[in-house]
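Have a look at the structure below before the remarks.
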Amino acid sequence: MSTETITTAGGVRVAKPTVASYLHDYWGRVRGGDIGGLPAILGLIVLCLIFGIARDTFFSAVNFANLFSQGAQVIFIAMGLVFVLLLGEIDLSAGYASGVCGAAMAILLTNHGWPWYGAIFVALVTGLVIGFILGFLVSKVGIPSFVVTLAAFLAFQGILLVLLGGGTNVSIRDKFVLALANNNMPVWLSWVLGIVAVAGYGLVSLVQRRNRAARGLVTQPIGIVGAKIAGLAVLILVAVAILTQERSINPIIISVKGVPIVAPIIAVFLIIWTFVLGKTTYGRHVYAVGGNTEAARRAGIPVDRIRISVFVIGSFMASIGGIIAVSRANSVDPNTGGSNILLYSVGAAVIGGTSLFGGKGKVINAVVGGAVIAVIDNGMGLMGFSSGTKFIVTGLILLIAASVDALSRRRAAATGNR
Amino acid sequence: MAATPLLELRGVDKSFGPVQVLHDVGLSVYPGEVTALVGDNGAGKSTMVKCISGIYSIDSGTVTFDGREVAIHSPRDASALGIEIVYQDLALCDNLDIVQNMFLGREKTKGIVLDEPTMEQMAGDTLASLSVRTVKSLRQLVASLSGGQRQTVAIAKAVLWNSRVVILDEPTAALGVAQTAQVLELVRRLADNGLGVVLISHNMNDVFAVSDRIVALYLGRTAAQVKTTDVTHSQIVELITAGRSGNLGLPPEKPTDFVDITPGDDQ
């Protein structure tokens, strides 16, 4: 370990971190119970290897592209649920809320001939309104979120049935909406966006590091920053390279290549919400309320407003999930957003490393967790397992994730790292 | 020794319905001094602090701050004046780091983005001005800190805002011997930096170790305001338990009609 020290902020002398000491500290935090998304990433790699060995088709470009549209709805809902879970609350109605929003859009598009932008706007507003009502009931009236959203879960299922006239199926033909979950970007745009993403991440990391160094504050070792940028670059560019290959069975009739449009949509929301949670006062207050409500209240944070806002974000993201689900299915039916969607979404957030106890979690957890869920669903489907078996396996994995969460908390309490 | 008190309460009454909790209490806090507020459970210490912090409003009496009479109606008024209170349960978020906790609710921003470097620098400067050298990193989660370090963070949070009076509610109650010594040293340093410090404590050793003045409350009345050097350990214990000790404290016959006795002063 290096003994070189630097004087930082106000004369507090600290050891200058090296690559070795950084990794050592990280390992120390993991051992101390601060594991974050590590189990999910390891799990994802293991699952991919298992399915890849069992079925050659798992690693095919077609299947890789499918994973995006299969996982998208769950990922969007899970991103919103991360906010709700950060406050230690739960939203059981998110699945059917996405169904209701999707149905609102589909009915306006098909039955009333609205343009896509109008219909999508109404779907998004529906999500915001639903979230506001849920949040109001939880924070101002004081009903536990479990009960409020359980009631909403039932009611939204009913609203969906009523909207669809007792169980008919409304199909959509709008090209824009259909493209969202089913089409791909042109090859050139795929590459441009991939490179922009890598360059943007690299630039932001390096500028942030330089700003801190200029103030004489402790910085991450350049080796670690470089490794992170390189890692992301490899990940994105390999993914783009695979997805820009020809995936059509008969390329002469129709050519299928490029990154699915839904991938950059996921990326945009991932970036927005990560920014909001990590870099804004609002995000800081969400963590504070989730960590210690009383401390937040005394610090002058409007706890009730924060509580309402997370439900609004939760249902808003559910509405986007609903739009994508309707787009992928080309239609809406009384089961859109029903069956396993909600449990998969909660599972995605928790598997990814968001704590059910509040105060701990990131939006990226929802994406990684959603990827785990999509891989299980997809891989087991390829291996010919029935949906019964899929549910059992997904349930077990959720249980494992929740146990990891609970055990890491106990571990953290034991090591004084509560 | 400063001549005028920074914060002074005079003749303060406070009732909750039919129950009068504070009878005509007084308190003077001088800059650069530690004033210990002692009293048995139910003597009115917490009520008095809550009146100063603006959580309760006073029924009658005056509060003077820096020579001006002020009205404190909310915690915001108190912090605007520069009065900060460190509560016993500290009110820190375990899932946030030291800098994040110190700036909670008053984050510095650049546009809409949190200005982390500035906050980290200010937090570091504050900790350094209190000669705190025990934390490994300013980006450590508060969860991983010891009880004494948490107390230090809570106190540093209170002095970050150019506060002038800091009220500490039982800062050493949950600490071990070494950590108690550390925190007391910090309390002394706050006063040496020119702040008016109010230390609420049950522990006589702590009180005699750091305080310059002692204010004893007895059943909602100010039993005595004395200089620490003028009294003994047992006199203070008597003031706390009986309200009087020798010629100090409340007269036995007419407890409501007491006098402020400050030995050395001709009042």
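Residue-by-condition table, conditions (1) under 25 Å from the mean Cα position of the chain (by Cα); (2) hydrophobic (A, V, I, L, M, F, W, C):
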position	(1), (2)
A:128	yes, yes
A:134	yes, yes
A:140	no, no
A:144	yes, no
A:148	yes, yes
A:159	no, yes
A:163	no, yes
A:173	no, no
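Do the conditions hold for residue B:97, that is, is it more than 8 Å from chain A (Cβ to nearest Cβ), without any contact (Cβ under 8 Å) to a residue 60 or more places away in the chain, under 25 Å from residue B:125 (Cβ atoms) and surrounded by 15 or more Cβ atoms within 10 Å (Cβ to Cβ)? Taking the combined requirement at face value, the residue satisfies it.
Taken over the range A:381-397, the criterion of being surrounded by fewer than 20 Cβ atoms within 10 Å (Cβ to Cβ) and either in a loop (DSSP other than H, G, I, E, B) or touching a Phe, Trp or Tyr at 6+ places or on another chain (Cβ under 9 Å) (or both) is satisfied by A:382, A:383, A:384, A:385, A:386, A:393. For residue B:191, the conditions (1) surrounded by 21 or more Cβ atoms within 10 Å (Cβ to Cβ); (2) within 12 Å of chain A (Cβ to nearest Cβ) all hold with the exception of (2). Scan the range B:127-141 for residues that are hydroxyl-bearing (Ser, Thr, Tyr) and within 11 Å of residue B:152 (Cα to Cα) and the total you get is 2. Among the residues examined, residue B:52 qualifies as more than 26 Å from residue B:141 (Cα to Cα) and surrounded by 22 or more Cβ atoms within 10 Å (Cβ to Cβ). The set of residues in the range B:1-41 being touching a residue at least 40 places away in the same chain (Cβ under 8 Å) and either acidic (Asp, Glu) or outside any strand (DSSP E or B) (or both) consists of B:4, B:5, B:6, B:8, B:13, B:24, B:30, B:31, B:32, B:33, B:40.
Looking at the structure I just gave you, is residue A:300 over 30 Å from residue A:110 (Cβ atoms) and surrounded by fewer than 23 Cβ atoms within 10 Å (Cβ to Cβ)? Yes; evaluated as a whole, the condition is true for this residue. Selection of the range A:283-304 for residues being more than 8 Å from every other protein chain (Cβ to nearest Cβ), more than 19 Å from the chain's Cα centre (by Cα) and touching a residue at least 24 places away in the same chain (Cβ under 8 Å) yields A:289, A:303, A:304. Among the residues that make up the range B:113-125, is at least one of them at pLDDT 85 or above, more than 26 Å from residue A:25 (Cα to Cα), in a loop (DSSP other than H, G, I, E, B) and at the interface with chain A (Cβ under 7 Å from one of its Cβ atoms)? No, the conditions are met nowhere in the range B:113-125. Among the residues of the range A:139-175, the ones that are in a loop (DSSP other than H, G, I, E, B), touching a strand residue (DSSP E or B) at 6+ places or on another chain (Cβ under 6 Å) and among the small types (Gly, Ala, Ser) come to 0 in all. Applying the criterion of being among the polar types (S, T, N, Q) and out of contact with any Ser or Thr (no Cβ under 6 Å at 6 or more places or on another chain) to the residues of the range A:213-257, the residue that is nearest to residue A:41 (Cα to Cα) is A:220.
Residues in the range B:159-204 that are touching a Gly at 6+ places or on another chain (Cβ under 8 Å) and assigned to a helix (DSSP H, G or I): B:178, B:179, B:180, B:182, B:183, B:191, B:192. Among the conditions (1) in contact with a Leu (Cβ under 9 Å, 6 or more places away or on another chain); (2) within 14 Å of another protein chain (Cβ to nearest Cβ), the only one that residue A:263 does not satisfy is (2).
The values are calculated or read from the model by the stated rules, or taken from the named source; none is laboratory data. Worth saying up front: this structure is predicted, and the values here are computed from it rather than measured. All Cβ positions, even for glycine, are placed from backbone atoms using ideal geometry, and neighbour counts span all protein chains on display.
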